[in-house]
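Only one structure is covered here, and it is reproduced in the block below.
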Amino acid sequence: MKKTFKMTPVSMAVAAAFVGVTAISAPVLAEKLANPIVLAAANPCAAKNPCAAKNPCAAKNPCAAGGITVESITRPEGVKAYEGDKNELLAYGAKLWEDKSISSNGLSCATCHTGYNTLSASFALPYPHKISMVKAQIGVDLMVDAEQIVQFCMMSPMAAEPFAWDSKELAALTTFVTEFQKGYKPK
């Protein structure tokens, strides 16, 4: 008996990441995944897709790392940001955006945000701005800058250690996020 299942654009991106590509069509995915249940086993969030909601991270995210505090996403006093050529940082940031190895769970930034998926209307606001996902996880309605949201996303949903505050990686991904934001148009 042939199994059928409906997938959202985000679940397609997660499935594509699972089979090791950046994009995939439904027929190719079905071919690669003879048993769609395999996806749920590999991805703890696939059983109840947190990305299916308009803003999956506004509610308690089942993929969250937990233990995130205001202090953990705030640059320590006296620690300077990495400075480098903006174009070089932008190119490196674009590479990191797609890099699943920076997470502990096989996700990349692009897994959830290709095509501006899962972003709320507040993403169009200039930084710093309030982000419901941060409030839901930390419990504080905090004004967050681009660097802070990069650090937050590293810890949740990517379940990884945040970048060093003076690292080229943090500077590069922050540079990319601010450029990526310029193309966003709320739906």
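Just so it is clear, none of the values below were taken in a lab; they were calculated from the coordinates. Remember, predicted model here, so these are calculated numbers, not experimental data.
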Residues whose built amide H sits under 5 Å from the amide H of VAL144, excluding neighbours closer than 5 in sequence, are HIS129, LYS130, ILE131
Starting at the first residue of region 83-88, write each ³J(HN,Hα) from the Karplus equation 6.51 cos²θ - 1.76 cosθ + 1.60 with θ = phi - 60°, in whole Hz, x for Gly and Pro.
10, x, 5, 4, 5, 5
Hz values of 3J(HN,Hα) by residue in region 96-104 - Karplus curve (6.51, -1.76, 1.60), Gly and Pro given as x
5, 4, 8, 7, 6, 6, 7, 9, 9
